[in-house]
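These notes concern the structure reproduced below.
The values are calculated or read from the model by the stated rules, or taken from the named source; none is laboratory data. Everything quoted here is computed from the prediction, not taken from an experiment. Reconstructed Cβ throughout: ideal geometry from the backbone, glycine too, with neighbour counts over all protein chains shown.
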Amino acid sequence: MSTIDFSIIIPTINSNPNFTRNLVQLVKILKSYKAEIIIVNDNIDNPCVLPTLDKFKNITTTHNPFKGAASARNHGAKIASSEILIFIDDDIFINQTGFNDYLQKSISALKNNCIIQPNWTYPRYLLNKCEKSNFGKFLIKYGYTSLAGYINDKIFKKSELFENSGLASYFLIINKDLFTKINGYNEKIPFAGAEDNVLTDELKKVNVKFYIDTTYTLFHDEINKINLNNWLKGLYNRGLTKKVAHQLGYKNMYLKYPLLKKVILSMLNLFKIALVNFVKAIDKSSKLEFISHSAIKALIALNIYKGYTSIK
């Protein structure tokens, strides 16, 4: 039997400038636990250099033998020592306050075929950055800076546990046996995007239920995503992975594009570069915030469409 209580798996392409800070914070919190950290580097051209981690020895860095977030997480799970797997994104900063209570609650819930995930929000410094630009204000206004915004504020219940329709991998605790039973993440999903939806569907087949614990909150330090180009690339990948998932038989990943909508989006694509440059040019003008937000909405639709239709 393993002497490790849980194995933490962190996939990374080593591009988040705050990954080292997030890792140091995680190690600080883990000092009182029997845990291991497995960092799976998904970018062979950008090796992961570990900082000095204050005598924390139980840490491994390995390269993903394939490519993509799904295969990186699966690779980490295969070499994990513990029966309890914890997948964490490299842009997650762990809040120490309430961590132990949440951890014990979540691990205990696994016995009842339940997965409990924590709340998350952007850290204050990142929200401050967002408030200084029209694009950042768009992210705040339309709920991209918190889990409450993604789920829908109207159904998001504060300071309690409530059932959710699925999961996301920003901080996911799961039994290794269950993870293996459903064959882990589907490695045919090429990028981060729809792999969580597919994992959700597979877990639902074995009657797993999903919950959000809003009494414990993490900080999602998505500093790379407050860059317009990076954000649009993520939307493109989301569309692409939805198409791949649909082709694999996940019917709920289907996106319907009537002829008129296809024509409009195809015409809009002719002006994509100009539209992106326009949004950037007026990014600091509060008087043009409404126009900027309307243009960003058009770019959202366009990039998801381009990703979804990039594969036949």
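At-a-glance table
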read-out	value
Members of segment 65-80 that are surrounded by fewer than 17 Cβ atoms within 10 Å (Cβ to Cβ) and not aliphatic (A, V, I, L, M)	Pro65, Phe66, Lys67, Lys78
Residue check, Asp213 surrounded by 12 or more Cβ atoms within 10 Å (Cβ to Cβ), of a type in the set (D, E, K, R) and touching a strand residue (DSSP E or B) at 6+ places or on another chain (Cβ under 8 Å)	yes
Residue check for Tyr125: closer than 29 Å to Pro17 by Cα and in a loop (DSSP other than H, G, I, E, B)	no
Subset of segment 74-101 (residues that are of a type in the set (Ser, Thr, Tyr) and closer than 15 Å to Ala35 by Cβ)	Ser81, Ser82
Close pairs (9 angstrom Cβ cut-off, 6 or more residues apart or separate chains): farther than 15 Å from Phe171 by Cβ in segment 14-33, loosely packed, with under 15 Cβ neighbours inside 10 Å and among the acidic types (Asp, Glu) anywhere	Val24/Asp54; Val27/Asp54; Lys28/Asp54; Lys31/Asp54
Subset of segment 158-187 [among the basic types (Lys, Arg) and either in a helix (DSSP H, G or I) or modelled with pLDDT of 95 or more (or both)]	Lys176, Lys181
Scan of segment 209-263 for residues that are over 30 Å from Leu26 (Cβ atoms), in a loop (DSSP other than H, G, I, E, B) and of a type in the set (D, E, K, R), ordered by number	Lys256
Pair list, Cβ under 7 Å, 6 or more apart: segment 76-103 residue in the same structural domain as Tyr216 (by TED's automatic domain parsing), other residue surrounded by fewer than 17 Cβ atoms within 10 Å (Cβ to Cβ) and of a type in the set (Asp, Glu)	Ser82/Asp5; Glu83/Asp177; Ile84/Asp5
Which listed residue is part of a helix (DSSP H, G or I), touching an Asp or Glu at 6+ places or on another chain (Cβ under 8 Å), among the small types (Gly, Ala, Ser) and within 27 Å of Asn186 (Cβ to Cβ), from Ala72, Ala77	Ala72
